Amino acid sequence: MRLSHAVSGPPSDTPAAGGPPAADRVDWPGRLMRALLVAAVAAAAGWLLAPSAAHRLPGPEALGTPAPATIKADRDYDIVDEEATARRRAEAAAAERPVYHQDAGAADEAVARVHAAFELMRDEERALRDDGRGAREAAALERRYAAQRDAFVSRLQVLVRDGDLAALGTTRFSEAAERQLADLARGALAGMVIEDRKLLPAAPDAGFVVRTLRGGRPEGEQAFADAAQVRDVAEAREELARTAAARLEKEPAAVRAALARTAEAMVRPTLVYDQAETERRRYDAAARVKPVAIPVKRGEKIIGDGERIEKRHLLVFDGIRAQRKGEDLGSVRVGGAAVVALLVSLLWRFARRNVARFRPARRDALLLSLLYLGSLAAGFLGFAVMDALHERFPYVPAVALQYLVPFAAGAMIVRQVLAAETALLFALAMGLAAGLLAGQSLAYALFATLTSVAAAGLVRNNRDRAGLFRAGLGVGLVGAAVVAALGLYAGRAGAEVLLSAVGALVGGAVLLPIAVVGLLPVVEGVFGYVTDVKLLELANLNHPALKELIVQSPGTYHHSILMGSLVEAGAQAIGANPLLARVCAYYHDLGKIRNPLYFAENQRGGENRHDALAPSMSALIVKRHVTDGLELARHWRLPRVVQDAIAQHHGTRHVGYFWGKAQRLAEEGGGRAAPLDEALFRYPGPKPQTREAALVMIADACEASARALEDPTADSLRALVGKRINEVFGEGQLDECALTLRDLNAISGAMVRALEAIYHTRPEYPDRRRDEGPAVHLVAKP
């Protein structure tokens, strides 16, 4: 590929830099550092997440004695009240109605038995008739009836007196007698007949359940509120006797008595108490009653110092001991450390493999670790402070005070100095850990996670300190909405939900920005990060360094301001940081303050001090503006990233003009002079390490050359920018930054447009002295 492809060829994502592939290099020191950081974070987090050593909980022997100290819950508990649970289960079992079985086919079955028994006897009469002896042989028929007596009783399934059998025999077991007996039995067995009313519920309004059976198969069940429809066997027989006396008054007395006694013998209970089914239903009803739990929240005071220990206190103490039975504080800390280690490691590995912009340096990993631990420690202390406030103001719910803790500060700080993807992962890890710290509370984990995500998303576009408070207000509103939604979902009282939402709003809108404003300068100073807020302060043209530059080197100042426009346009085109690039451009030539007249943009009247100097000396003076710039940058406490741009904006390029001049003089000397030392004419470097530093190098070359154009048209500017980018690319100055060929094409187009805006042609205005029109004279009135 020709070098011109860098600016005129098809776009490509091929890196413009060379060098060995990163995959072939294993960063063992970095891996070791990350492993140590994970271990340290996990160990510290395990200690913070474990509940503190609890007081020795008083036992039953302490009932009625003063409490030796104030005892609070070290985490959330649900204490089971065994007595209340047993009482509610007994009530539920007692409320379950007793179950009875009703034989709905009893009457039909009785009618069938009557028919079968009477048909048996009629068969004997027919058999006698078939033998030819006729029905008038009464003695023979009676003998046959007597012979079938046991079979008759077996089919009828009731005992029949001999006299009653004889009386029925006088009717020849006629169908009329059969219908009369069947009707009496059907009437007596109709409805619900129970053996004894004492088997019914004692309470008149207790009610009961009747399961209907027919042929042993259930047909359904029905609940009855009272026993008005139930008769006992005695009542059924009394009713049958009255019915028989009314219906059989025309029958002979013996027949009437035989039918009534036989029907009474057939009366049996059709409603039977099912004890097994009743007990099963009552057991199930009791089992459905959940244990009565007394919720004890983390930090809630169970008993104060000196207060009398009552039975309710012992109940809570017993529940805590039961839930902590077998619990070892050391194992709890190991478990917490393992959870945090897995959480951090998995999120880190996922981001490294799947998130393209997640490429943290070692200082980034150190910052994330310290912020993570600092947030957990701040939350630990914050919860302790909120517990103390809850004691002072007991009418404020403890959970409402917990929402004051600004867990989102870490994510907001991370977003200020690192990429959005990194801040999102940090917010997720921090939110889950906050939920563990709050007594393994899922609700608090959701609150901390969502507010951290909101903090990372809202803070990016803020360009001043006041913007942090605006972002904090947004986070507070999000937190209040989340808390209100969670409170309504949990069914909490309206007052508690309102107080919790107010706590979340105050924590986000007030405490969060205060914490971030206080910590950001520390992060910037210790780790060398530069936030947009800091960059805006540096971009202010009233900065002392820029004011000194415009006084001492006005040409350089003008050149730097123009370069700011170029690099900002290029950064926007490739997705770099435009504000950082512009700040680097403003300060890249800060060292020219020391020797301003040795640089062409500051020279006036045609005087050039280099005319009296050797090329090597001129090159030394020119190169010195880099080291002078670094000294002045340290003097004015400019951030490290700006100092790096000062050192890298020339890379390892030649001081072109004087290198060429030295070569010409050497050629004119005919080889009599000593060989040229190329190192004297080359900047010390290093080459640009970031895209912003590379933009400064490219813009420096393009702006200086564009000023020398006599006719800065669009075509000439396009050709000039392409040539300068090709030179930088061809010299290998972009080997150590992350620019691609696609980026170089985008930079070229953006800088050409910026230069066209700077050097656009203006219309030629007419010379007022050559104007042929009459002159207008303004004469003051006397």
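The values are calculated or read from the model by the stated rules, or taken from the named source; none is laboratory data. Small disclaimer: the values here were computed from a predicted structure and weren't measured. Cβ atoms come from the backbone with ideal geometry, glycine included; neighbour counts cover every protein chain shown. Areas reflect the complete protein model, heavy atoms only, side chains present, ligands, DNA and RNA absent. Shrake-Rupley method; radii C 1.70, N 1.55, O 1.52, S 1.80 Å.
Structural remarks
- Counted as qualifying within the range 654-737 are the helices (runs of 4 or more DSSP H) with 2 or more residues that are closer than 21 Å to Ala569 by Cα, namely 691-707, 714-730.
The rows are residues; the columns are (1) more than 30 Å from Glu307 (Cα to Cα); (2) open to solvent by 30 Å² or more (accessible area, probe 1.4 Å); (3) modelled with pLDDT of 90 or more; (4) part of a loop (DSSP other than H, G, I, E, B).
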{"site": "Asp78", "(1), (2), (3), (4)": "no, yes, no, no"}
{"site": "Tyr100", "(1), (2), (3), (4)": "yes, no, yes, no"}
{"site": "Glu119", "(1), (2), (3), (4)": "yes, yes, yes, no"}
{"site": "Arg129", "(1), (2), (3), (4)": "yes, yes, no, no"}
{"site": "Gly134", "(1), (2), (3), (4)": "yes, no, no, yes"}
{"site": "Glu142", "(1), (2), (3), (4)": "yes, yes, no, no"}
{"site": "Ala146", "(1), (2), (3), (4)": "yes, yes, no, no"}
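- Filtering the range 9-48 to residues that are open to solvent by 80 Å² or more (accessible area, probe 1.4 Å), under 19 Å from Arg362 (Cβ atoms) and modelled with pLDDT of 80 or more leaves Leu32, Leu36.
- Residue within the range 379-386 that is in contact with a Lys or Arg (Cβ under 8 Å, 6 or more places away or on another chain), within 30 Å of Val497 (Cβ to Cβ), in contact (Cβ under 8 Å) with a residue 40 or more places away in the chain and in a helix (DSSP H, G or I) present: yes
- In summary, Gly660 fulfils each of the numbered conditions (1) open to solvent by 40 Å² or more (accessible area, probe 1.4 Å); (2) over 56 Å from the mean Cα position of the chain (by Cα); (3) free of Cβ contacts under 8 Å to residues at least 60 places away in the same chain with the single exception of condition (1).
- Selected residue [at pLDDT 90 or above and assigned to a helix (DSSP H, G or I)] from Ala448, Ala466, Ala495: Ala448
- Meets criteria (within 30 Å of Asp226 (Cα to Cα), within 60 Å of the chain's Cα centre (by Cα) and buried (at least 18 other Cβ atoms within 10 Å of the Cβ)) for Leu184: no
- Residue in the range 273-310 that is most open to solvent (accessible area, probe 1.4 Å), counting only those that are of a type in the set (Asp, Glu) and farther than 30 Å from Ala384 by Cα: Glu279
- Qualifying residue in the range 190-211 (condition: surrounded by fewer than 16 Cβ atoms within 10 Å (Cβ to Cβ), in contact with a helix residue (DSSP H, G or I) (Cβ under 8 Å, 6 or more places away or on another chain), aliphatic (A, V, I, L, M) and under 14 Å from Asp103 (Cβ atoms)): yes
- Looking across the range 502-536, the residues that are surrounded by 15 or more Cβ atoms within 10 Å (Cβ to Cβ) and either of a type in the set (S, T, N, Q) or under 30 Å from Pro596 (Cα atoms) (or both) come down to Val530, Thr531, Lys534, Leu535, Leu536.
- Among residues that are touching a Gly at 6+ places or on another chain (Cβ under 6 Å) and modelled with pLDDT of 90 or more, Ala411 is not included.
- Of all residues in the range 586-630, those satisfying the criterion of being more than 52 Å from the chain's Cα centre (by Cα) and not in a helix (DSSP H, G or I) are Arg594, Asn595, Phe599, Gln603, Arg604, Gly605, Gly606, Glu607, Asn608, Leu613, Ala614.
- Residues of the range 528-540 that turn out to be modelled with pLDDT of 85 or more and farther than 14 Å from Gln643 by Cα, as a count: 4
- Of Glu764, Glu727, Glu710, all but one fail to be of a type outside the set (Gly, Ala, Ser), at pLDDT 90 or above and either within 24 Å of Val655 (Cβ to Cβ) or open to solvent by 30 Å² or more (accessible area, probe 1.4 Å) (or both); the exception is Glu727.
- Selection of the range 614-640 for residues being touching a Gly at 6+ places or on another chain (Cβ under 9 Å), β-branched (Val, Ile, Thr) and crowded, with 20+ Cβ neighbours inside 10 Å yields only Val626.
- Cβ-Cβ under 8 Å pairs, at least 6 apart or on other chains, the range 688-704 side buried (at least 24 other Cβ atoms within 10 Å of the Cβ), far side outside any helix (DSSP H, G or I) and among the polar types (S, T, N, Q): Pro688/Gln733; Glu692/Asn577; Ala694/Gln733; Met697/Gln733
- Restricted to the range 276-309, and to residues there that are part of a loop (DSSP other than H, G, I, E, B) and basic (Lys, Arg), the residue that is nearest to Glu91 (Cα to Cα) is Lys290.
- Count - residues of the range 516-563 that are touching a residue at least 12 places away in the same chain (Cβ under 8 Å) and part of a helix (DSSP H, G or I): 29
- Unmet criterion (only one of (1) touching a Lys or Arg at 6+ places or on another chain (Cβ under 8 Å); (2) small (Gly, Ala, Ser); (3) in a helix (DSSP H, G or I)) for Gly439: (3)
- Test result for Val583, open to solvent by less than 60 Å² (accessible area, probe 1.4 Å) and under 52 Å from the mean Cα position of the chain (by Cα): yes
- From the list Ala427, Ala338, Ala408, Ala423, the one residue that fits, being buried (at least 18 other Cβ atoms within 10 Å of the Cβ), in contact (Cβ under 8 Å) with a residue 40 or more places away in the chain and at negative phi, is Ala408.
- Every residue from the range 352-374 that is out of contact with any helix residue (DSSP H, G or I) (no Cβ under 6 Å at 6 or more places or on another chain), assigned to a loop (DSSP other than H, G, I, E, B) and over 14 Å from Phe527 (Cβ atoms): Ala356, Arg359
- Taken over the range 349-364, the criterion of being surrounded by 14 or more Cβ atoms within 10 Å (Cβ to Cβ) and aromatic (Phe, Trp, Tyr) is satisfied by Phe358 alone.
- The range 68-90, residues that are free of Cβ contacts under 8 Å to residues at least 12 places away in the same chain and either touching a strand residue (DSSP E or B) at 6+ places or on another chain (Cβ under 9 Å) or aliphatic (A, V, I, L, M) (or both): Ala86
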